[in-house]
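What follows draws every value from the coordinates through simple rules; no lab data is involved. The structure displayed is predicted, hence computed values, not measured ones. For neighbour counting, all protein chains shown are included, and Cβ atoms are generated from backbone atoms with ideal geometry for every residue, glycine included.
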Amino acid sequence: MTRTAPTPSIPAQDTAQRRVLTVLVASQILSGAGLAAGITVGALLAQDMLGSTDLAGLPSALFTAGSALAAIVVGRVSQARGRRLGLAGGYLAGAVGSAGVIASAVAGSALLLFAALFVYGAGTATNLQARYAGADLAAPAHRARAVSTVLVATTLGGVVGPNLAAPTGTLADTLGIPTLAGPFLLAGVAYTLAAVVLAVWLRPDPLLLARTLDLRQQTADSGRAADDSAEADRRGPGLMLGALTMILTQLVMVAVMTMTPVHMRDHGHGTGASGLVIAIHVGAMYLPSPLTGWLVDRYDRCAIAAASGLVLLAAGITAATAPADSVGRLALALALLGLGWNFGLVSGTAMITDAVPLATRARTQGMVDVSIALAGATGGLASGLVVSTAGYPVLALTGGILSLALLPAIAVTASRR
């Protein structure tokens, strides 16, 4: 008599999920330091090499465009071979891009800088894709909290990284490398270590195990196919709204964040001050994640998405009205900017994960992240032009008003449901 393979017990799945989250947290701490380098000095490095503010937003546009391509590749590799290979490969590409930025600074080649920043964007894409891995084995009622656990781990590296801009610049000087390329030394090491952690310890692979568990459950439950079809009908609107939420919050956040260091330097602030403001911003992007995850799981996902638009509006108004010599007001504005982005990312990720079946989950998530990255690239590229022609306050206020577009989309989705 042939026995049907038993469905794994809940404790076994919980044990695997705890291990996966532990490994993801370790890799995110490392990668957080890596992605902070480009945020802190990317625009300043381009401004020095090009001698113009007009294209100071180009580095942000390039590494977010690079992250768009990387999101496709990481998503497809994860779909075919699992999260471990996809995420580790993405971080290795980010390390290669970091090395290229350093080489371009030494050579004084703007063309090489732009190419290297494009490759460097793979680290940013991979850092974001890791949040999906945290949700693969999580129960639906705990998905947002699993996502938030992965996101909050980025806080330590993301906050420490910008504050190491001055020490790594000193190290770069010692090595004969231009000062502003110093943070990319840290980025290269951090991304490499993150790749090693994932390649060695992300076992079992969360996506592959989730598929196995789902297949066994379908075998045990002959009515599962009909249930899945009905569930897909109920969840359908979440895909578009989740994507729109993350796209808009990314566009606004990147645009304002990119030009804040340039705005501060133009008004006499040093690298240390801008590094502090960006560190506070990155902390606000990730540190509230446990609370955000609880709110998203406890209350309606749409409510937190709507809150993200309102918080981003407050950030835009605060940045636009902040005196140029007030580091405190700019830090508050960037903290609100990070918090609004966090609300949008966690709620949007939960919507996407709810809406997409396991069979196509990684590929669809990758394509959604492409749109997010392209939105960031658009915001980064446009930000320099807006500041050059109209000023930083106009950029900040425009971004805040744009974020309100989330509200009618949420209202329409709620009425359909």
Task: Derived scalar couplings ³J(HN,Hα) [segment 106-111; Karplus, 6.51 cos²θ - 1.76 cosθ + 1.60; whole Hz; x for Gly, Pro] - done: 5, 7, x, 9, 5, 4
Task: the chain: angle of helix 143-163 to the longest principal axis, Cα-based, in degrees nearest 10 - done: 20 degrees
Task: Extended-chain gain in nm, criterion 0.36 nm per residue less alpha-carbon gap, His267 and Trp201 - done: 19.1 nm
Task: Tilt relative to the chain, helix 406-416 - C-alpha long axis, 0 to 90 degrees, to 10 - done: 10 degrees
- [ ] Quote the relative contact order of the chain in percent (integer), defining contacts as alpha-carbon pairs under 8 Å separated by 6+ residues.
- [x] 26 percent
TODO: Within segment 188-202, find all residues whose amide N lies under 16 Å from a label point positioned 7 Å from the Cα of Leu171 along Cα-to-beta-carbon.
DONE: 188-194
Task: Stretchable slack from Arg19 to Arg216, in nm (0.36 nm times residue separation minus alpha-carbon distance) - done: 68.8 nm
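Mind checking the full-extension length gain between Val327 and Ile401? Use 0.36 nm per residue of separation minus the Cα-Cα distance, one decimal, nm. Please report the intermediate quantities before stating the final value.
Working: separation 74, 0.36 × 74 = 26.64 nm, distance 2.32 nm.
Answer, rounded to one decimal: 24.3 nm.
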